[in-house]
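A.B. asks: My structure is below; once you've seen it, I'll send some questions.
The values are calculated or read from the model by the stated rules, or taken from the named source; none is laboratory data. Computed from a prediction, not measured in an experiment: that's the story for all the values here. Methodologically, a virtual Cβ is constructed for each residue, glycine included, from the backbone with ideal geometry; neighbour enumeration extends over all protein chains shown.
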Amino acid sequence: LAGEFSWDDVEAETQGGVRWTNGTYSGVGHHDKDSDTFTLTRPLSENPPEGMVLPEPEDVAFPQLCDDPFRGGDPRFTDPDLTRQPALQSRLQNLDGYVGSYVSDGVSMFNVLVTGDPEVAHAELREVWRGGLCVEQRQDAPEVDLLAAQQALTTIHEELGVLSSGPDGMTGRLDIQILVADESTVQRIHKTVSPWLTPEQVQITSSFQPLSR
């Protein structure tokens, strides 16, 4: 970071010789990719600058995917000590075409997404889990492909300015945050993950956004 900046201008904390801020600030300036330097042309602000369009937050829902979640199970089943869930999680990871899973009640109503036969997956999971269970078939990228694509990115993440990446089991999508989403970087990312994912299965977010004037 270059330009007129002082730690006195932000709410900062220091520990072990490291200084940081937990606040969110907007900076306007120019980024030089070769030197990896961002030069401020205006002071930092707690408010976004005029002309900047902030992305709308996505509504994340965790719906129950079936009407009969105790089919083949037991509605009286409880797992207060969470002793049964490790076996379920292990079985999930080995499901053919496993995309992801979530709990719709925040506790133990499991909803599972697969690319394979949902009835086969349901029967396999019932061997270790008698509680709430819904299985739905999706044409999304399976978790194994998302993880393989993420691993491929790690070999060039510094070169591309990748800040973070991770699979989204709800959408079968690989979420990637990068420093600058210029055309060449985006194309390089898609080429790197193309053995496993289509461009539609990759969500790229740029930390730096062009400012409309």
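A.B. asks: Quick one: is Leu133 touching a Ser or Thr at 6+ places or on another chain (Cβ under 9 Å) and aliphatic (A, V, I, L, M)? Working first, answer last.
C.D. replies: Working: touching a Ser or Thr at 6+ places or on another chain (Cβ under 9 Å): no; aliphatic (A, V, I, L, M): yes.
No, not satisfied.
A.B. asks: Take the residues of the stretch 64-91 that are over 27 Å from the mean Cα position of the chain (by Cα) and charged (D, E, K, R): which is farthest from Val135 (Cα to Cα)?
C.D. replies: Asp81
A.B. asks: Do you know which residues across the stretch 24-40 are in a loop (DSSP other than H, G, I, E, B) and surrounded by 11 or more Cβ atoms within 10 Å (Cβ to Cβ)? Give the steps one after another, and end with the answer.
C.D. replies: Our first condition is that a residue be in a loop (DSSP other than H, G, I, E, B); within the stretch 24-40, this holds for 24-25, 27-28, 33-36.
Hits for the stretch 24-40 are Tyr25, Gly27, Val28, Lys33.
A.B. asks: Here is a further query. Of the numbered conditions (1) part of a loop (DSSP other than H, G, I, E, B); (2) under 19 Å from the mean Cα position of the chain (by Cα), Gly166 satisfies every one except a single condition; which is it?
C.D. replies: Going through the list (1) part of a loop (DSSP other than H, G, I, E, B); (2) under 19 Å from the mean Cα position of the chain (by Cα), Gly166 breaks only (1).
A.B. asks: When you scan the stretch 145-157, do you find a residue that is part of a helix (DSSP H, G or I) and in contact with an Asp or Glu (Cβ under 9 Å, 6 or more places away or on another chain), even just one? Write out each step before concluding.
C.D. replies: Here is the first cut: in the stretch 145-157, the ones part of a helix (DSSP H, G or I) are 145-154, 157.
Checking the rest, the ones that are also in contact with an Asp or Glu (Cβ under 9 Å, 6 or more places away or on another chain) come to 146.
There is at least one residue in the stretch 145-157 that is part of a helix (DSSP H, G or I) and in contact with an Asp or Glu (Cβ under 9 Å, 6 or more places away or on another chain).
A.B. asks: Within the stretch 175-213, which residues are among the β-branched types (Val, Ile, Thr) and assigned to a strand (DSSP E or B)?
C.D. replies: If we filter the stretch 175-213 for residues that are among the β-branched types (Val, Ile, Thr), which is where we start, we get 176, 178, 180, 185-186, 189, 192-193, 198, 202, 204-205.
Matches in the stretch 175-213: Ile176, Ile178, Val202, Ile204, Thr205.
A.B. asks: Cβ-Cβ below 6 Å, separation at least six or inter-chain, first residue in the stretch 185-213 and modelled with pLDDT under 95, second exposed (fewer than 11 other Cβ atoms within 10 Å of the Cβ): which pairs?
C.D. replies: Close Cβ pairs (under 6 Å, with a partner that is exposed (fewer than 11 other Cβ atoms within 10 Å of the Cβ)) amount to Leu211/Gly51; Ser212/Gly51.
A.B. asks: On the basis of being within 27 Å of the chain's Cα centre (by Cα) and assigned to a helix (DSSP H, G or I), does Ala61 make the cut?
C.D. replies: Details: within 27 Å of the chain's Cα centre (by Cα): yes; assigned to a helix (DSSP H, G or I): no.
The answer is no for Ala61.
A.B. asks: Checking Pro69 against (1) assigned to a loop (DSSP other than H, G, I, E, B); (2) modelled with pLDDT under 95; (3) not small (Gly, Ala, Ser), which test does it fail?
C.D. replies: (2)
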